[in-house]
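Worksheet for the structure shown next.
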């Protein structure tokens with residue numbers, strides 16, 4: 001072997017598929033030019049929020065030229081029951097939310113399918129709907145657990161008594177709206193049957209779990225279902241599990257006995273692919289005269305659908321952030337006639353930390369303390385609830401080093417007192433956190449006689465840089481240059497593997513790749529040479545991951561924002577954002593920086609723009625496109641920096657790395673809201689921070 | 001009714017038959033001419049993922065009727081390089097780390113390519129304004145700005 005001592009991990013290796021993506025050669029789900037004779041599917045969304053389909057008049061549609069089939073609840077294949085109720089596509093005549101698919105048309109061309117779908121007459125028996133989340137909604141209930149399997153409520157000590165006795169008290173309610181993931185690539189599937197074997201080119205965050213889920217749903221042996229996801233145009237959680245597009249595509253391809261493409265329209269996505277639940281969060285903090293917390297209480301109200309339960313773990317971060325002897329968290333759900341909320345980047349931590357870190361800023365003002373000092377005074381030595389030691393925790397260092405880089409030191413704490421021309425100016429800080437999970441995965445590593453290596457794992461690269469990071473990890477374990485290693489991903493045939501979700505992709509896949517490549521290298525070394533037909537090793541990491549316990553594994557960070565608010569118009573600009581993160585070893589600084597900055601920008605977008613606006617009369621998200629659901633554009637972002645500490649954590653996994661895909665969006669909105677308060681003395685507790693919420697309240 | 005559309009795409013004369021008269025240029029490129037580089041992400045001209053050059057003008061291909069492209073000269077992301085060698089802007093997108101999921105990338109490349117043709121030394125404000133019609137959900141835009149600055153620098 002051509003051995004090298006140069007470590008690839010830590011280098012800024014360029015994105016492996018970068019050249020393919022800049023030349024238009026990277027093939028996304030529906031772009032397989034070797035699949036011929038393809039038909040097109042267009043779904044029909046429900047136009048009521050609650051009720052029953054009385055009749056679907058599909059005869060005139062079937063008679064249209066080039067229409068191949070109309071799928072309705074009357075003729076759709078019967079599916080096996082699934083835990084995910086959203087997969088029961090066309091299995092009943094019940095309509096559970098507006099936008100739910102009630103039929104689909106398959107045609108020779110996309111335009112005909114679309115036209116036919118729009119002409120299809122569906123008659124309903126309409127029932128009154130209830131779509132509005134309120135703090136005292138009559139259907140509020142306590143779920144058995146919150147996602148994925150955390151206790152719904154936690155309690156230690158006597159919170160009410162401690163709050164009653166506190167020298168400094170904060171008691172406020174913070175609200176966040178529905179947020180929509182909006183990856184740039186809409187969910188898309190190309191389904192192709194070859195006899196009894198099914199191939200799906202699908203845009204998802206895990207080809208293996210998509211294969212397992214869809215095989216079970218259709219009552220198929222997973223061995224005959226092949227899911228390929230080479231390039232995925234973003235997901236942010238919304239492609240974590242298969243969505244209705246994949247189910248409809250499989251049904252349609254079976255029915256017309258041809259391959260079919262189904263690419264959702266942006267409009268469809270606002271109903272059927274999931275979104276972040278709106279939240280109503282009451283935070284109560286009690287502290288002594290020196291700012292030491294005696295009590296932390298976080299009560300969350302959020303929504304789920306009537307299709308299935310989805311219980312976002314919004315108060316999870318509050319359980320671990322700060323020390324306090326008396327503490328309580330609760331989650332209550334309202335079951336509404338709305339689409340099921342699902343995962344969106346940092347589910348739980350993202351909305352929860354907006355509330356907690358806004359409240360911490362308010363408490364700092366109550367106590368007359370610098371908000372960084374308040375956080376440092378309440379740093380817990382161990383995980384406050386479980387008592388476990390941290391595998392590593394660098395929040396204090398992140399706050400201190402970030403403050404230095406940002407120039408926090410000479411900050412005048414008085415709010416609403418600085419201006420620059422027509423602009424009020426302020427700065428804010430908030431903490432970030434995200435767990436460092438890992439999940440068992442399988443990797444195969446193969447040495448060829450020519451000195452090259454191929455590593456296969458059903459990882460997904462949704463833009464994260466997974467393919468590149470895994471190439472670096474493999475090269476180091478093999479002790480060769482990355483030039484000799486090819487990593488193949490995005491194929492269910494490569495075996496069980498973690499999703500690209502929970503910020504655990506690189507940790508989980510990297511662990512399996514490290515194990516397979518280390519074993520392969522040792523085998524090759526023992527053998528002395530690689531025989532003509534190569535040497536192959538497969539490794540699986542269940543035992544290692546099960547053995548990981550005893551510590552709390554968690555990444556931390558600090559984010560700093562400068563806000564400028566126009567005194568006349570209330571327009572908010574954020575000219576500066578700086579993040580400092582403590583997340584173990586950075587595998588690839590180039591792709592990592594993009595992940596942090598991208599997360600922070602999505603957090604900025606959440607702070608200032610994003611809001612799914614519910615139409616109470618029709619029961620749907622009315623701003624269901626990129627014209628009216630605003631996301632940050634190039635001109636919204638100016639000076640944005642991401643930095644990280646040189647954090648060593650030998651306990652977390654063999655790479656010493658914590659996930660970085662989500663922590664960047666955690667805390668950003670609070671940092672911006674805190675900066676807006678510092679600029680204006682106006683506290684916005686209801687995202688997004690729009691000018692109409694500031695106008696009439698600005699000083700001067 | 002269907003029409004025949006003939007156009008020059010990336011220097012090559014191409015014809016699409018049986019095109020429904022309401023079909024978009026984007027659809028013809030992607031589904032009929034085997035050029036899926038231009039992406040469909042919003043289909044109403046907001047996100048810029050389908051940006052192409054039509055007769056030298058930057059357009060959202062999703063908003064152009066195929067018939068309007070009859071006889072026109074089109075440049076898509078597939079035509080930016082010369083086959084062997086990437087165009088400078090493609091090279092700098094890779095080098096600067098401006099590419100993540102890659103779905104906005106083709107449109108951004110065409111927009112940036114056009115900007116640098118018109119203004120070889122753009123200010124940051126000019127770059128931001130020019131790219132404001134191209135949405136990206138992954139990168140936070142900073143590395144895209146770097147890529148455009150780097151391409152301008154390399155051209156000097």
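Computed from the coordinates by the stated procedures, all read-outs in this text should not be read as laboratory data. Since we're looking at a predicted model, the values are computed, not measured. With ideal geometry, Cβ positions are generated from the backbone for all residues, glycine too; neighbour counts draw on all protein chains shown.
Observations on the model:
- Exercise: per-residue mean of other protein chain Cβ atoms within 10 Å, B:72-82: 2
- Whole-angstrom gap from the stretch B:115-156 to the stretch A:90-137, using each part's C-alpha centre: 42 Å
- Scaling the Cα radius of gyration of the stretch B:88-155 by the globular reference 2.2 N^0.38 Å produces a ratio of 0.95.
- Computed lengthening from residue A:618 to residue A:646, 0.36 nm per intervening residue step minus Cα-Cα distance: 4.9 nm
- Shape box of chain B [Cα atoms, principal axes, largest first, Å]: 48, 29, 24
- Pairs of Cα atoms nearer than 8 Å and 6+ residues apart set the relative contact order; for chain B it is 24 percent.
- Relative contact order (%) - criterion: Cα under 8 Å, at least six apart; region: the stretch B:2-77: 38 percent
- Computed over the alpha-carbon atoms, the stretch A:118-246 gives an Rg to Rh ratio of 1.14, Rh here being the Kirkwood radius from the mean inverse distance.
- The stretch A:204-281-the stretch A:352-424 distance, computed between alpha-carbon centres (Å): 41 Å
- The stretch B:77-112 versus the stretch A:547-602: alpha-carbon centroid distance in Å: 27 Å
- Antiparallel bridges, percent of DSSP beta bridges restricted to chain A (to nearest 5): 75 percent
- Calculated translational diffusion coefficient of the stretch A:585-700 (25 °C, 0.890 mPa s; Stokes-Einstein with Kirkwood radius over alpha-carbon pairs) equals 147 µm²/s.
- Normalised size of the stretch A:335-466, defined as Cα radius of gyration per 2.2 N^0.38 Å with N residues, equals 1.58.
- Inter-label distance, nm, simple model (7 Å from Cα along the C-beta direction), residue A:686/residue A:525: 6.4 nm
- Relative contact order [Cα under 8 Å, 6+ residues apart], chain A, whole percent: 17 percent
- Compactness of the stretch A:33-162 is given as radius of gyration and Dmax, 21.1, 73 Å, from Cα positions.
- In chain A, helical runs assigned H by DSSP with n ≥ 4 each contribute -39500 (n - 2.57); averaged across all residues and rounded to the nearest 500, the mean residue ellipticity at 222 nm is -7500 deg cm²/dmol.
- The mean of 1/r over all distinct Cα pairs in chain A, once inverted, gives the Kirkwood hydrodynamic radius of 26.5 Å.
- Paired Rg and Dmax values of the stretch B:2-77, which use every Cα atom, in angstrom: 10.9, 29
- Label-point separation, residue A:290 to residue B:21 (7 Å along Cα→Cβ), nm: 8.3 nm
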